[in-house]
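Enquirer: Below are the structure tokens for one structure; questions will follow.
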2 protein chains.
Amino acid sequence: MSAYDRLCARFARIATVGEAAAILGWDASVMMPPGGAAARGDQLAVLSGLIHEMTTAPAMAEDLADAEQAMTGDVPAADPWAAANLQLMRHRYLQSVALPSDLVEARSRANSACEAVWRGARLASDFSAACPYLEDVVRLAREASVALGETFAMAPYDALMDGFQRGIRAADVEPVFTEYEAFLEDALPRAEAIQARGGAAKPLPGPFPVGVQEALCQRLSAAAGLDYNRARLDRSAHPFSGGIPTDIRITSRYNENECFQSIMGVMHETGHALYEAGLPTAYARQPVGEASGMAAHESQSLLIELQVCRSDAYLSWLGPRLHAEFGGDAALYTAVNLGRLLRHVERGFIRVEANELTYPAHVILRFRLERALIAGDLMVADLPGAWNEGMQGLLGITPPDDRRGCLQDIHWYDGAFGYFPSYTLGAMAAAQLMAAIRTDVPDVDAAMAEGDLSPLLGWVRREVHGRGNLLGFNDLMRAATGKPLDARAFEAHLTARYLTDPSAR
Amino acid sequence: MSAYDRLCARFARIATVGEAAAILGWDASVMMPPGGAAARGDQLAVLSGLIHEMTTAPAMAEDLADAEQAMTGDVPAADPWAAANLQLMRHRYLQSVALPSDLVEARSRANSACEAVWRGARLASDFSAACPYLEDVVRLAREASVALGETFAMAPYDALMDGFQRGIRAADVEPVFTEYEAFLEDALPRAEAIQARGGAAKPLPGPFPVGVQEALCQRLSAAAGLDYNRARLDRSAHPFSGGIPTDIRITSRYNENECFQSIMGVMHETGHALYEAGLPTAYARQPVGEASGMAAHESQSLLIELQVCRSDAYLSWLGPRLHAEFGGDAALYTAVNLGRLLRHVERGFIRVEANELTYPAHVILRFRLERALIAGDLMVADLPGAWNEGMQGLLGITPPDDRRGCLQDIHWYDGAFGYFPSYTLGAMAAAQLMAAIRTDVPDVDAAMAEGDLSPLLGWVRREVHGRGNLLGFNDLMRAATGKPLDARAFEAHLTARYLTDPSAR
């Protein structure tokens, strides 16, 4: 057995323990009675400790060195998948050894303590309660970012981003975001004016019985291509997509007075799930067989939710199906009215409620602030002021309190820095992918208008899902669309959807 | 940190991985879509491999030796819990190192292959199809039994029994079973005659809507003392009790035409669950903090199902509750009619359908045959003949085919030898415990007639659950009831329930 083969076996075993943790994580959110929480925390901690031990075992370092030497002598014949896999193995190994275990433990404790305090502080809109805890969290995240940065010869913030999405750095993101900021300054008032000239959205009457919504969501998800012999749809307080490629677990929540939160939420998670289901089985449980990162993942969920499900074509198919389930006046279920309901533009304080046009502003704000926090250019105590000033600059509104400002998201209070850009990189990538699909698959919109996503799915399976983790984010975009990420496809999409007078359509 | 403290930490970590496997096992039976089966098999195999590695780590042997030496010098002051825990750790370690890993793997493969063939062979009632596979299974089980027997200085069959229930050997079981056989020879025809003289059971009309049954089962289970903040009740094809003490998972199946299978099944699993929930938390995740074995476990499930739930006292309380749910003629819900329905005696071929009076005959047959198989005194090819002859001797009936004979149970075909006695040891222990409870807690029947199991539960928590794995089976019986297991309390219970003319009651 070659050193590389031994590494594949080691990483398969590590991935299998990770699969166990993934199912246990799902169970904790969906099934577990409250009494199980303490023991579940221990179970997940022990599994993650075992993964760390297995990843940093002395024999791992030896096998890596031997395999790298063998592969270097083999350059012309090298299988690019094996080469990428070996590089990712080395990367995974270095990530695990880069951080001293006392720092990992201190971060874990500080993050848990801060997150717990944040829950109360957010409710009370009291940043001062969370501030000292967040200071610890930021200090330890900076320490970790420096250690990772040294290991990977990256700037500290880039090293944090790299933990969520490799292959794109802050220096790549900054110009894309700057261009979008300029676009938005012009586009937002125009979109608002066009919206004001159009007719008001008429709400669907409801009620929307929860059982009917749930069954409909599963049918729509299955119709989009998710195989429910290898997936489940359940309920949880915070919807997510989990599990493993052959046993995917997506969740949603339901509200009897409203049906789109669940439908669009389930279709979003279905996009994530289709990515996992479409990963290359030949590299299952290998680093190169995983998804390419969080921005790539978000591109797949938003391709389905924003590009497909909020399009006129899909809504023209969805409308009659909703009418059959929920009844009332058929005129409410036209693509025009559903579009008004589902694409309403508004300047709001809350990221998760934002429309796709303003959503990037929320992310740009966070990207700049977290970069400054990690660089030490912004003190935690100054965060509320910097937040409100940034919000005023980007959207022209100032949060009336920190609950609707810098306390709204869990991410920083749980120690996650470098994650936020993924949301907007994903939204932009989804538009760029959709433009490429329209070029390569001319009948894709006609099929969507029949509720048929198979032409689209065939393309993304080939161009994205099937590539696994072979390429970093920008290389994946190049391979799939011919160019690295840029904001223009997204802007063209928004221009067509929000800046074209409906009367002209 | 002392060697013993290090061992406690090691075993806690091992137990925590076992907890993860327990939840994953539940998920596989209750939640998992079919596509997840292959990966789940890998996940459980890797976790059990990790448990084996952690148990047999070289440092484990060193710590065991050091801790044993330290404790030997400390005899008078020794904490009996710590002493028992250390002995159980040594036992666990020896069990893990006793079997060469190629034998463990060969058994696992042979058992899986045989079980798969058995499913078809049972349906076709074709023992010859399963016979060569069972020969492999028996050969490898014998090999394992010899290796374990040498390690523990036990007879090979005793070493297999010991894996399911320590503290009782075949030589202890044989006289108890022989006495019961003699009792049954006289009791069975008398019980049949008495039953024939009594009135026929009148079936409840039904239907029994599945959702109503499920909600009722959970209420009855909670009323018996199971805390559903630390437990769940779900559906599965084969009911079982799983999970961990703070997160217990019990399952049932439901049939719209019948309600007692689910009610008695859930109460049986509730007995198992109450045992787990009542284990000593001070020794959680330690070998001494676990349940004392399968016979002890079955004593707890059968205490609830047979001793409590099929008693006149409990049925007099249950009847009106069933009537309120399912309606019909109130006269059908008297304790007398419910007793006739739930305590019907019949000479049948199938163990799992047997009444408590004849059930031990099914177990005695299997105990004798499996002992002979492991001893090499019975060839696998001769099993059908030996089975049918034994059945004729014990119950006076001969199975018309092997489906209703030696092919009916999965146990042997899955490699489990030494397990069967646990069922009847548990049934006998339950009667012995109930007799002791009636002595110590005089108002226990009056409380049961009010649906109140708390006096009974208080007693078993103190005398059984709270003792964890401190004592082996017969020592536990001595501590709780003043004597080792004997068949007489069970016979007295059956005499009162089946051999007393109803007109005389």
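Enquirer: How long are the three semi-axes of the equivalent ellipsoid for the protein assembly as shown, computed from the Cα gyration tensor as the root of 5 times each eigenvalue, in whole Å, largest first?
Expert: The equivalent ellipsoid of the protein assembly as shown has semi-axes of 59, 35, 28 Å.
Enquirer: From zero outward in steps of 5 Å, how is the percent of C-alpha pairs of the stretch B:113-229 spread across the bins?
Expert: Answer for the stretch B:113-229: a P(r) of 2, 8, 8, 7, 7, 10, 16, 17, 15, 7, 2, 0 percent.
Enquirer: Same structure again: Using a 10 Å cut-off on Cβ atoms, rank the peptides B:457-469, A:300-312, B:322-334 from the highest mean neighbour count down.
Expert: On the way: B:457-469: 20.3, A:300-312: 24.8, B:322-334: 15.1.
Peptide ranking by packing, descending: A:300-312, B:457-469, B:322-334.
Enquirer: Further, regarding this structure: Enumerate by residue number the GluC sites (Glu not before Pro) in the stretch A:338-400 meeting two conditions: DSSP loop (anything except H, G, I, E, B), and at most 13 other Cβ atoms within 10 Å of the site's Cβ.
Expert: Passing both the DSSP loop test and the Cβ count: A:Glu346.
Enquirer: Moving on. Rounded, prolate or oblate: which one fits the stretch B:168-210, using the alpha carbon gyration tensor with axes a ≥ b ≥ c (rounded when a/c is under 1.5, else prolate when a/b beats b/c, else oblate)?
Expert: Note, shape of the stretch B:168-210 comes out oblate.
Enquirer: What average number of partner chain Cβ atoms lie no more than 10 Å from the Cβ of the residues making up A:45-52?
Expert: Counting other chains' Cβ atoms within 10 Å and averaging over A:45-52 gives 3.
Enquirer: Dipole of the protein assembly as shown (Lys/Arg Cβ +1, Asp/Glu Cβ -1, origin at the Cα centre): which of A:Gly18, B:Phe208, B:Gly472 lies farthest to the positive side?
Expert: Value computed over the given set: B:Phe208.
Enquirer: Show the residues, 5+ positions off or on another chain, whose built amide H is closer than 5 Å to the amide H of B:Arg235.
Expert: B:Ser252
Enquirer: Sequence-distant or interchain residues sharing an amide H contact under 5 Å with B:Arg249, placed H: which?
Expert: B:Arg232, B:Gly242, B:Gly243, B:Ile244
Enquirer: Within the stretch A:387-485, what whole-number % of the accessible surface is contributed by carbon and sulfur, with the 1.4 Å probe and all protein chains included in the calculation?
Expert: 47 percent
Enquirer: Once you charge only the Cβ atoms, +1 for Lys and Arg and -1 for Asp and Glu, what is the size of the charge dipole of the stretch B:1-98 about its Cα centre, to the nearest 20 debye?
Expert: Its charge dipole is roughly 260 debye.
Enquirer: Determine the shielding of peptide B:18-29 by partner chains: average, over its residues, the number of Cβ atoms on other chains within 10 angstrom of each Cβ.
Expert: Averaged over the peptide's residues, the number is 4.
Enquirer: If you don't mind, there's one more thing I want to ask. For chain B, what is the percent of antiparallel DSSP beta bridges, rounded to the nearest 5?
Expert: Details: 6 of 11 bridges.
Once the DSSP bridges in chain B are tallied, antiparallel ones form about 55 percent.
Enquirer: Let me ask you something else. Sort all Cα-Cα distances of chain B into consecutive 10 angstrom bins from zero, then give the percent of pairs in each bin up to the one containing the longest distance.
Expert: The calculated distribution, bin by bin, is 4, 17, 28, 29, 16, 5, 1, 0.
Enquirer: Given the rule -39500 (n - 2.57) for each run of at least 4 DSSP H residues, summed and divided by the residues of chain A, what is its mean residue ellipticity at 222 nm, to the nearest 500 deg cm²/dmol?
Expert: It comes out at -21000 deg cm²/dmol, rounded to the nearest 500.
Enquirer: Can you send over the carbon and sulfur percentage of the accessible area for the stretch B:1-98, probe radius 1.4 Å, protein chains only?
Expert: 60 percent
Enquirer: Using only the Cα atoms of the stretch B:1-110, each taken as one equal point scatterer with no solvent, compute I(q) by the Debye sum, divide by I(0), and report log10 of the ratio at q = 0.10, 0.14 Å⁻¹.
Expert: After summing over all Cα pairs, the log10 values are -0.39, -0.68.
Enquirer: Any idea of the total accessible area buried by the B-A contact, 1.4 Å probe, rounded to 100 Å²? List each step's numbers first, then the result.
Expert: Working: alone 21350 and 21340 Å², together 40020 Å².
The buried area between B and A, both sides summed, comes to about 2700 Å².
Enquirer: Kindly write out, for the stretch A:347-353 in residue order, the coupling ³J(HN,Hα) from the Karplus curve 6.51 cos²θ - 1.76 cosθ + 1.60 (θ = phi - 60°), rounded to whole Hz, with x marking Gly and Pro.
Expert: 8, x, 8, 9, 4, 6, 9
Enquirer: List the distances, in nm to one decimal, from the label point of B:Ala375 to the label points of the same position in every other copy, shortest first, placing each label point 7 Å from Cα along the Cα-to-Cβ direction.
Expert: 8.4
Enquirer: In the stretch A:203-241, which residues become less accessible by 40 Å² or more once every protein chain is in place, relative to the chain on its own, using a 1.4 Å probe?
Expert: Listed by number, the residues meeting the 40 Å² cut-off are A:Asn229, A:Arg232.
Enquirer: I want the antiparallel fraction of DSSP beta bridges within the protein assembly as shown, as a percent rounded to 5. List each step's numbers first, then the result.
Expert: On the way: 12 of 22 bridges.
Antiparallel bridges: around 55 percent, rounded to the nearest 5.
Enquirer: Let me ask something else about it. I'd like to know which of B:Thr55, B:Asn85, B:Cys8 lies farthest towards the positive end of the charge dipole of the stretch B:1-98, counting +1 on Cβ of Lys and Arg and -1 on Cβ of Asp and Glu.
Expert: B:Thr55
Enquirer: Describe numerically, in nm with one decimal, the distance between label points set 7 Å from Cα along Cα→Cβ at A:Thr439 and at A:Ser128.
Expert: It works out to 5.7 nm between the two label points.
Enquirer: While we're here: Not counting ligands, DNA or RNA, and with a 1.4 Å probe, what is A:Val345's accessible surface area in Å² rounded to the nearest 10?
Expert: About 10 Å², ignoring ligands and nucleic acids.
Enquirer: Right, here's the next one. Starting from the Cα of A:Ala215, move 7 Å in the Cα-to-Cβ direction to define the label point; list residues of the stretch A:231-256 whose amide nitrogen is under 19 Å from there.
Expert: Within reach of a label on A:Ala215: A:232-235, A:252-256.
Enquirer: What distance in nm separates the two pseudo spin-label positions at B:Gln87 and A:His91, each 7 Å out from Cα along the beta-carbon direction?
Expert: Going from the B:Gln87 label point to the A:His91 one covers 5.5 nm.
Enquirer: Right, next: So, in nm, how far is label A:Lys202 from label B:Ala37 when the simple model puts each one 7 Å beyond its Cα toward the Cβ?
Expert: 5.2 nm
Enquirer: Counting Lys and Arg as +1 and Asp and Glu as -1, each charge on the Cβ, what is the dipole of the stretch A:383-452 about the Cα centre in debye, to the nearest 20? Write out the running numbers ahead of the final one.
Expert: Numbers: 3 positive and 10 negative charges, 65 e Å.
About 320 debye.
Enquirer: Can I ask one more? Among A:Ala153, A:Phe177, A:Leu140, whose Cα projects farthest towards the positive end of the dipole of the stretch A:139-184, with charges put on the beta-carbon of Lys, Arg (+1) and Asp, Glu (-1)?
Expert: Value: A:Leu140.
Enquirer: While we're looking at this one, here's another question. Between A:Asp414 and A:Glu150, what FRET efficiency follows from the Cβ-Cβ distance if R0 is 25 Å, with the result rounded to 0.05?
Expert: Efficiency, rounded to the nearest 0.05: 0.55.
Enquirer: Inside 10 Å of the C-beta atoms of A:7-14, what's the mean count of C-beta atoms belonging to other chains? Could the numbers behind the result be given before it?
Expert: On the way: counts 0, 0, 0, 0, 0, 2, 5, 1.
Averaged over the peptide's residues, the number is 1.
Enquirer: Shortest first and in nm to one decimal, what separations exist between A:Ser2 and its copies in the other chains, measuring from label points 7 Å along the Cα-to-beta-carbon line?
Expert: The answer, with the shortest distance listed first, is 5.3 nm.
Enquirer: Suppose all protein chains stay in the model; what accessible area per residue would a 1.4 Å probe give for the protein assembly as shown, in Å²? Kindly include the intermediate steps, with their values, before the conclusion.
Expert: Working: 40020 Å² over 1010 residues.
So the protein assembly as shown comes to 40 Å² accessible per residue, rounded to a whole number.
Enquirer: Next question, about the same structure. Just how large is the dipole of chain A about the Cα centre, in debye to the nearest 20, putting +1 at every Lys and Arg Cβ and -1 at every Asp and Glu Cβ?
Expert: The calculated dipole for chain A is roughly 740 debye.
The values are calculated or read from the model by the stated rules, or taken from the named source; none is laboratory data. Treat the numbers as computed from the prediction; the structure is a model and nothing was measured. Backbone-built Cβ (ideal geometry, glycine too); neighbour counts: all protein chains shown. Side chains are part of the model used for accessible areas, which takes the heavy atoms of the whole protein and leaves out ligands, DNA and RNA. Shrake-Rupley method; radii C 1.70, N 1.55, O 1.52, S 1.80 Å.
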